Amino acid sequence: MPFIVLIGLFVLLIVGVIGMYNSLVTLRNRFKNAFAQIDVQLKRRYDLIPNLVETAKGYMGHERETLEAVIQARNMAMTAGKAAAENPADAGAMAGLLGAEGLLTGALGKLFALSEAYPDLKANQNMMQLSEELAATENTISSARQEFNHAATAYNTRREIFPSNMIAGMFNFTPATLFEVAEPEQKEAPKVSFS
């Protein structure tokens with residue numbers, strides 16, 4: 001009889017370990033999927049930016065530095081985004097993406113601030129449409145970030161609570177990095193207004 005009890009306890013232990021492991025895998029896949037949704041929107045944003053710069057270039061020819069800074073920041077953000085998309089659990093890749101996104105947001109903010117001085121650019125139908133699309137994309141990115149942070153927090157919580165933390169440690173479940181904005185000026189999307 002004691003042998004059967006020991007076997008029963010061992011089976012319960014194995015079932016518990018399997019359940020915790022599967023739960024961690026499920027939560028990790030949820031936050032990776034949530035990041036994939038951010039990645040889709042970031043790519044849309046990156047695709048809009050060259051069109052925006054080309055439209056502005058015709059009106060802001062002597063603001064070349066600003067236009068080049070926007071394109072350079074976009075390219076850096078795309079590269080960082082690819083690295084983060086390959087492994088959203090990599091804290092270094094996420095930090096690189098957050099930094100590059102901050103630079104891009106700052107460069108876009110400067111572009112829109114300068115564009116206020118060009119009435120013909122503000123009235124350009126293509127510029128207005130691109131600006132509206134960019135603003136809509138920024139809102140979608142914001143929502144996707146919230147969903148990602150929610151999924152990452154659920155995963156991190158599960159991997160830190162007992163006894164799941166032991167399973168997480170044994171199977172190398174690394175913590176997820178939240179998609180947070182470090183600088184206060186980056187917390188707001190670039191102001192897009194051509195009214």
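Some points to look at:
- For the chain, size of Cβ-based charge dipole, Lys and Arg +1, Asp and Glu -1, in debye: 620 debye
- 3J(HN,Hα) along segment 96-105, derived from phi through the Karplus expression 6.51 cos²θ - 1.76 cosθ + 1.60 where θ = phi - 60°, amounts to x, 5, 4, x, 5, 5, x, 5, 5, 4 Hz, with x in place of Gly and Pro.
- Here is how the number arises for the chain: DSSP H runs of 4 or more residues each give -39500 (n - 2.57), the sum is divided by the residue count, and the result at 222 nm is -27500 deg cm²/dmol.
- Look at the dipole of the chain built from charges on Cβ: of THR157, LEU121, PHE171, the Cα furthest out on the positive end belongs to PHE171.
- Seen from every direction in turn and averaged, the convex hull around the alpha carbons of the chain projects onto 12.1 nm².
- On Cα atoms only, tilt of 125-160 relative to the major axis of the chain in degrees: 20 degrees
- The Cβ shell under 11 Å around PHE148 holds other residues with a net charge of 0, Lys and Arg each +1, Asp and Glu each -1.
- In terms of overall dimensions, segment 36-106 has a Cα radius of gyration and Dmax of 13.2, 42 angstrom.
No lab work stands behind these numbers, since they all come straight from the coordinates. Predicted model only: the values in this text are computed from it and were never measured. For neighbour counting, all protein chains shown are included, and Cβ atoms are generated from backbone atoms with ideal geometry for every residue, glycine included.
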